[in-house]
1. If eta is 0.890 mPa s and T is 25 °C, what Stokes-Einstein diffusion coefficient results for region 150-273, Kirkwood Rh from Cα pairs, in µm²/s?
2. Order by neighbour count: 226, 70, fewest other Cβ atoms within 10 Å first, most last.
3. Hey, if you drop one equal point scatterer on each alpha-carbon of region 7-99 and run the Debye formula without solvent, what base-10 log of I(q)/I(0) do you get at q = 0.11, 0.12, 0.13, 0.23 Å⁻¹?
4. Taking the Cα centre of each part, how many Å lie between region 80-117 and region 145-167?
5. Kindly put 59, 246, 93 in sequence by how many other C-beta atoms sit within 10 Å of each C-beta, fewest to most.
6. Can you tell me, using C-alpha contacts under 8 Å and at least 6 residues apart, the relative contact order of the chain as a whole percent?
7. Quick check: Cα centre of region 1-23 to Cα centre of region 189-250, how many Å?
8. When a footprinting reagent is the concern and you count Cβ atoms within 10 Å, what order do 234, 252, 115 take, fewest first?
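What follows is calculated from the coordinates using simple rules that are stated; it is not laboratory data. Keep in mind the model is a prediction, meaning the values are calculated, not measured. A quick note on method: Cβ atoms are made from the backbone with ideal geometry, for glycine too, and the neighbour counts reach across all protein chains shown.
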């Protein structure tokens, strides 16, 4: 069938390839625990390529490409958990803005100090607010209502921006259970719902003091567990399965919830090809 193998799998990457009128689409994911920051060979030759970040509508640009040992190569940067769409053009030199590749210019700056944590909405009841210097799951704080809570907890902290020259700053939330909305100095930056939980925030930062708010929504598993443990009738549906087994969440383990971190800011500079 003359289907060429892709060498990029040797880098631990997964992909889907589809033909289009001017070349090919590649959906490439990094499900490994290693960062990718290198030239990657693609089996089908091309003259130019566009890169898309599928998490954002506007993150698109011309990729760095080159010919090497009779292979067409594209430059990719992928952290563990990240994905990109690569659109190749077989014979066309595409005209568009260039993709902004990044390199760090200093060590990550850990945002530390006292976090204020408030529960803003959810059920069965809102746990009490608290302050903490150590981020951890809100289910291990000794508050029984937090163990069964499903909803939103808001984390607030004030921090001082280091005096480092950078083109942009990347905010990384570390471990999040399970999704987060980021607000910086009163402006919504974006919503993060998949690993890695990071986002560029340079345009929202100010010199000196900055106010960071992170609203974290957990899964409903702990709430369902609590309902089944108390025998509350909550299902409004029926299971239909040839191997039917009664659904019972009462023995589920408590799932981690909230912002676990560490939360860091990393200064970066742009480069392209």
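1. Calculated translational D: 143 µm²/s.
2. Lowest to highest Cβ neighbour count: 70, 226.
3. Values, matching the q order: -0.27, -0.33, -0.39, -1.28.
4. Each part reduced to its Cα centre gives a spacing of 21 Å.
5. 246, 93, 59
6. 20 percent
7. 35 Å
8. The most exposed by this proxy come first: 234, 252, 115.
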